[in-house]
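Working notes for the structure below.
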Amino acid sequence: MYDATTHKVLFAKNDDVPYAPASTTKLMTALLVYEKTGFKGEVRIKKEDTLIQPSHVPLVPGEVVSIYQLVEELLIGSCNDAALALARACSGSVEKFVEEMNHKAQLLGCLNTHFVNPHGLFEPGQYTTARDLMRIFQAAIRIPTISQICQTRMIHFQNGGIKRVMYNHNRLLGRYSGMGPAKTGWTRISQHTYAAACERNGHTLYLTILHSPDKWYDARILFDYGFAQVKPQYTVEEKF
């Protein structure tokens, strides 16, 4: 847990131990896509983009989808097919995109992070740490568009000629006071993963969680703890 206002770490446990990141991987995917495209342009979907489960739009081979919509589907619905389509379209192949993800991680100072895919489904050799994930999360939400998408509760869109609704996977959005941009993740092996920002009274806290049995419980406890450490900001008039 990091206090973005005072630039201090308020809590850390096993923060340099590598764990599987699950779908928090998509923060790096979105960041790299933004740097390469500015979220402008379109992608013609190929069959190879759609051959993945479980979370998917689902995309339809042959349809043309805007990069911006694919990023919304990536971050709000955590769609794995969107991750593959974006990676392929931005770098020519998923493999090349993953190479660029790892290079970007190094530039951010993530010394204990390695990516194997752009979506976060478990594969041997894909790992990060809570400290590194914090760096990636901060870099991602520093982009206003990414920050806004990551705190959007739902989107309406059309896919394959069908009108659809997609809801944000972040269960604390709109339910926990001050909850802002976040990215969730879960696989059986990684367990719960989470990166989130929360603001109260002009004070912002960042939280990253890996390998949790229940991120919703842990996040509430840790944010409650973090805000309890924050000293109230008073004006001169309020002091006296």
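The values are calculated or read from the model by the stated rules, or taken from the named source; none is laboratory data. These numbers were taken from a predicted model, which means no experiment stands behind them. Every residue, glycine as well, gets a Cβ built from its backbone with ideal geometry; the counts of neighbours run over all protein chains shown. Calculation scope for accessible area: heavy atoms of the full protein, side chains included, ligands and nucleic acids excluded. Shrake-Rupley method; radii C 1.70, N 1.55, O 1.52, S 1.80 Å.
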With the other protein chains left in place, how much accessible area per residue, in square angstrom, belongs to region 2-229 at a 1.4 angstrom probe?
46 Å²
Leaving out ligands, DNA and RNA, what percent of the accessible area of the chain is carbon and sulfur, probe 1.4 Å?
51 percent
Under-5 Å amide H pairs with Gln191, H placed in peptide plane, nonlocal only
none
Over region 141-208, volume per residue of the alpha carbon convex hull, in Å³
119 Å³
Show me the helices of the chain, taken as full DSSP H stretches, that run 15 Å or more along their long axis by Cα and average -0.5 or above in Kyte-Doolittle hydropathy.
25-37, 80-91, 130-141, 215-229
How much mean residue ellipticity at 222 nm does the chain get from its helices, if each DSSP H run of length 4 or more adds -39500 (n - 2.57) and you divide by all residues, to the nearest 500 deg cm²/dmol?
-11000 deg cm²/dmol
Starting from the 7 Å offset along Cα-to-Cβ, what nm value, one decimal, do you get for the label separation of Thr145 and Arg200?
3.4 nm
Ordering Lys46, Lys163 by the accessible surface of their heavy atoms, 1.4 Å probe, largest first, yields Lys163, Lys46
Region 82-169: mean projected area of Cα convex hull, nm²
6.9 nm²
Farthest toward positive dipole pole in region 2-229 [+1 Lys/Arg, -1 Asp/Glu at C-beta], among Thr6, Met179, Leu84:
Met179
As an exercise, take the mean of 1/r over every pair of distinct alpha carbons in the chain, invert it, and state the Kirkwood radius in angstroms.
18.2 Å
